[in-house]
């Protein structure tokens, strides 16, 4: 599974949880190149019963937002604009509804490529928190639309 190949940069997801996303996520898109999966993005809005502490952090501080839960791009499709097209599509769909996109990026273990991408895309860090009993630390990010 594409998600599992991206761990630890994204959390592992059981098939049942991925099915939950497919049913409940307001935004679940798969990008394809040459009829092969090139990547995917899951985007959420507030009000879902989702146990992520990072999602909960944004729910407790923002009235409304678009939350990028995860984006994964297949190694063969990197640097081809897949992530940017997914981010742009999510932002375009939300532009008249919310004023901010949110996400988190791993600080520990570091995901430097993701941090550079998000900063280049216009995200700024608005907080941080430790998760997984202190094994991980994330930068909580926002981008104003």
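The values are calculated or read from the model by the stated rules, or taken from the named source; none is laboratory data. The model shown is predicted, which means the values in this text are computed figures rather than measured ones. Backbone-built Cβ (ideal geometry, glycine too); neighbour counts: all protein chains shown.
Evaluate the range 66-77: report whether one residue or more is over 18 Å from residue 39 (Cα atoms), assigned to a helix (DSSP H, G or I) and modelled with pLDDT of 95 or more. Checked against the condition, which is being over 18 Å from residue 39 (Cα atoms), assigned to a helix (DSSP H, G or I) and modelled with pLDDT of 95 or more, the range 66-77 yields no hits at all. Tally time: how many residues in the range 26-61 are closer than 17 Å to residue 90 by Cβ, without any contact (Cβ under 8 Å) to a residue 40 or more places away in the chain and part of a helix (DSSP H, G or I)? Going through the range 26-61 one residue at a time, the tally reaches 1. Restrict the check to the range 120-132 and report whether at least one residue is closer than 16 Å to residue 41 by Cα and under 14 Å from the mean Cα position of the chain (by Cα). Yes, some residue in the range 120-132 is closer than 16 Å to residue 41 by Cα and under 14 Å from the mean Cα position of the chain (by Cα).
Considered as a group, the residues in the range 33-46 that are over 13 Å from residue 68 (Cβ atoms) and at pLDDT below 95 include one that is surrounded by the most Cβ atoms within 10 Å (Cβ to Cβ), and that residue is 38. Applying the criterion of being farther than 19 Å from residue 58 by Cα and more than 14 Å from the chain's Cα centre (by Cα) to the residues of the range 89-112, the residue that is modelled with the lowest pLDDT is 96.
Here the condition is being surrounded by 13 or more Cβ atoms within 10 Å (Cβ to Cβ) and either closer than 18 Å to residue 70 by Cβ or out of contact with any strand residue (DSSP E or B) (no Cβ under 6 Å at 6 or more places or on another chain) (or both); of 130, 112, 137, it holds for 137 alone. Restricting the first member to the range 106-119 and to residues that are assigned to a helix (DSSP H, G or I), and the second to residues that are surrounded by fewer than 19 Cβ atoms within 10 Å (Cβ to Cβ) and modelled with pLDDT under 95, the beta-carbon pairs closer than 8 Å and six or more apart or on different chains are 114/9. Scanning the range 53-79 for residues that are out of contact with any strand residue (DSSP E or B) (no Cβ under 7 Å at 6 or more places or on another chain) and buried (at least 16 other Cβ atoms within 10 Å of the Cβ) returns a single hit, 59.
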